[in-house]
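What follows is a single structure, written as structure tokens, with notes after it.
The values are calculated or read from the model by the stated rules, or taken from the named source; none is laboratory data. Every value quoted in this text rests on a predicted model; they were computed, and no experiment measured them. Here the Cβ positions follow ideal geometry from the backbone for every residue, glycine too, while neighbour counts run over all protein chains shown. Only protein heavy atoms, including side chains, enter the accessible area calculation; ligands, DNA and RNA are left aside. Shrake-Rupley method; radii C 1.70, N 1.55, O 1.52, S 1.80 Å.
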Amino acid sequence: MLKERGYKISLSVIFVLGILFRCYVFFRNPSLWSDEVYLTFNIYEKSYTGLLSSLSRLQASPPGFTVPVKILLDFFSPAAEYYRDMILRIIPFISGVLSLPLFYYFSKLVFRNKKKYILAALIFFAFNPCAIIYCAQFKQYSTELLCAILLLIIFYKIIFQKEYKNIYAAGIAIIPWFSYSSFFIIAAGFLSILIKKDTKLFVKTFFPFILSCLIYYIVSLRFVFAANYAEMNKFWSGAYGFLSLNHPLRFFTRFGELFAATKATSVIAGGIFFLFCVRYCFSKENLHKKILILIPILLVILASIFHKYAIQPRLILFLLPCFMIALSSIESKIENILKIILFIIMLYSLPNYYPEQTSLSYSYAREAAAYLKNNLKESDKIILNSIQSDYEIYLNKLNLDKSRLIVIPCRTEELEKCQSELKKLPEGSYYFLSIIAGVEEMTNIEGFETSRINLNFNPKWNKTLYFEKRY
């Protein structure tokens, strides 16, 4: 048994390191990337009531997240883009930091102060790379993680400690306004109450929830579904975001990406994920507890198979506390070895982890725009590839004439097609702004000036390349 002193020291170390990791990624404050940019435009372009409705640019974010962000922006009115980007990320950062003590509290409830189980759960939670990185992303997923933990605590107190308070019913009713994914946790909680056959408790908690949902649907959700579902379904189908029984390996890779940085390690991590979920399912644990922990995972899988919910690391981040409880509840020699393997994968992934496994995790568009502001000549033009959103919000302040902005669809795997488009350009000098690899190869064309300035903000991505085309 762990001694009290050692236990407290271990807790302190985990908390300090977990918070430091989150502070590190937050204060790096990189340029906004793709989806962050799209969501930012929505914050600027829409009124407070407009944020209740559907968002543009293929975005979906609950008003409980977007409205407070808009309030912060309006209150601080930052002139500098650096501070603007940081303010946008304050709520995800605070949510991520608060998740640590709340998850610790939840694990104490579940494990009834069994110290080694609590420490195991907290270690995996504190150092999960996805949980850390989304503290510094202007998206709602870190907030959804916080909401999931709050709901798990509320339902645990109601179901297992028989502690009912009106504030618990109010919390269950209000949290969906802050988190779309909360419906999965709420469904599991109500199912557990139903199976427990506590009709009075069910009515007292369910009635405020359904009333809130009706209002939520009328003022917000129906517009979100109408505007975004079809396009989201098309997008995620093309991005292999939905699980399929025809592709069983996708079950492992998609869930494994919550912990791992590479495809190979994500398969291993995903296998460990499902192994512990199955083991927990057949464990001697209380049935109602297993329902609360495992049903959200099962519902997400079913929703994904039927193309109602995509599986990506950020979208399933809210499931992290459920899995950590299942993981920490099961132990044997083999299973402890698997836990060590998963922890090593997570530690390896910490410096290498990127959302979506793409360049979108760290953008340098803000730095590139700042360079252009000081160096762009009147005769220079700017070329953007088809993925232009990283630069869009920063180039706005340059007040460039539209004739000086040229969009050329370029993909790394379509070198010849891109070169063909570049050859059509008139004589002149250009800055090629791109977030894909291969810019040098694309512009390696006869007739282009061979001496060029290459501004590499990142060895692989975010190329800002200057070249001259001459006849």
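Amide H contacts of Phe432: Ile383, Leu465, Tyr466, Phe467, each under 5 Å away and 5 or more positions distant or on a separate chain (H built 1.01 Å from N in the peptide plane; Pro and chain starts excluded). Proximity of backbone amide H atoms, modeled 1.01 Å from N, is registered between Ser31 and Ser363, Ala365, Arg366 at under 5 Å, excluding neighbours fewer than 5 places apart on the same chain.
Could you check how much of the accessible area of the chain is carbon and sulfur, as a whole percent, using a 1.4 Å probe?
Values: 13610 of 21320 Å².
Roughly 64 percent of what the probe reaches on the chain is carbon or sulfur.
Only Cα pairs under 8 Å and 6+ residues apart enter the sum, and on that basis the relative contact order of the chain stands at 16 percent.
Just to confirm my numbers, what's the Cα centroid distance between segment 220-278 and segment 1-79 in Å? That distance is 22 Å.
What accessible area per residue comes out for segment 73-225, rounded to a whole number of Å², with a 1.4 Å probe? Please list the in-between numbers first.
Working: 6190 Å² over 153 residues.
Each residue of segment 73-225 exposes 40 Å² on average to a 1.4 Å probe.
Please determine, in degrees from 0 to 90 and to the nearest 10, the orientation of helix 365-375 with respect to the longest principal axis defined by the Cα atoms of the chain, where the helix direction is its Cα long axis. So the helix axis and the longest Cα principal axis differ by about 20 degrees. Across segment 398-407, rounded Karplus estimates of 3J(HN,Hα) from the backbone phi angles (6.51 cos²θ - 1.76 cosθ + 1.60, θ = phi - 60°) give 7, 6, 7, 5, 4, 5, 8, 10, 10, 9 Hz, Gly and Pro being marked x. Between helix 34-45 and the chain there is an angle of about 90 degrees, using the helix long axis and the longest principal axis of the Cα atoms.
The dipole here belongs to the chain: it is taken about the Cα centre, uses +1 on the Cβ of Lys and Arg and -1 on the Cβ of Asp and Glu, and is about 2100 debye.
Evaluating 6.51 cos²θ - 1.76 cosθ + 1.60 at θ = phi - 60° for every residue in segment 79-91, the Karplus couplings come out as 7, 7, 5, 4, 6, 4, 4, 5, 5, 4, 9, 4, 5 Hz, glycine and proline recorded as x. For the peptides 315-324, 52-61, the ranking by mean Cβ contacts within 10 Å, running from highest to lowest, is 315-324, 52-61. Ile19 exposes around 60 Å² of accessible area when a 1.4 Å probe is run over every protein chain in place.
Determine the calculated [θ] at 222 nm for the chain from helices alone, applying -39500 (n - 2.57) to every DSSP H run no shorter than 4 residues and normalising by the residue count; nearest 500 deg cm²/dmol. Display every interim value, and only then the final one.
Details: 21 runs with 279 residues, N = 471.
Roughly -19000 deg cm²/dmol at 222 nm, from the helical runs in the chain.
If you sort the three axes of the alpha carbon gyration tensor as a ≥ b ≥ c, you get a/c of 1.5 or more for the chain and a/b above b/c, which makes it prolate.
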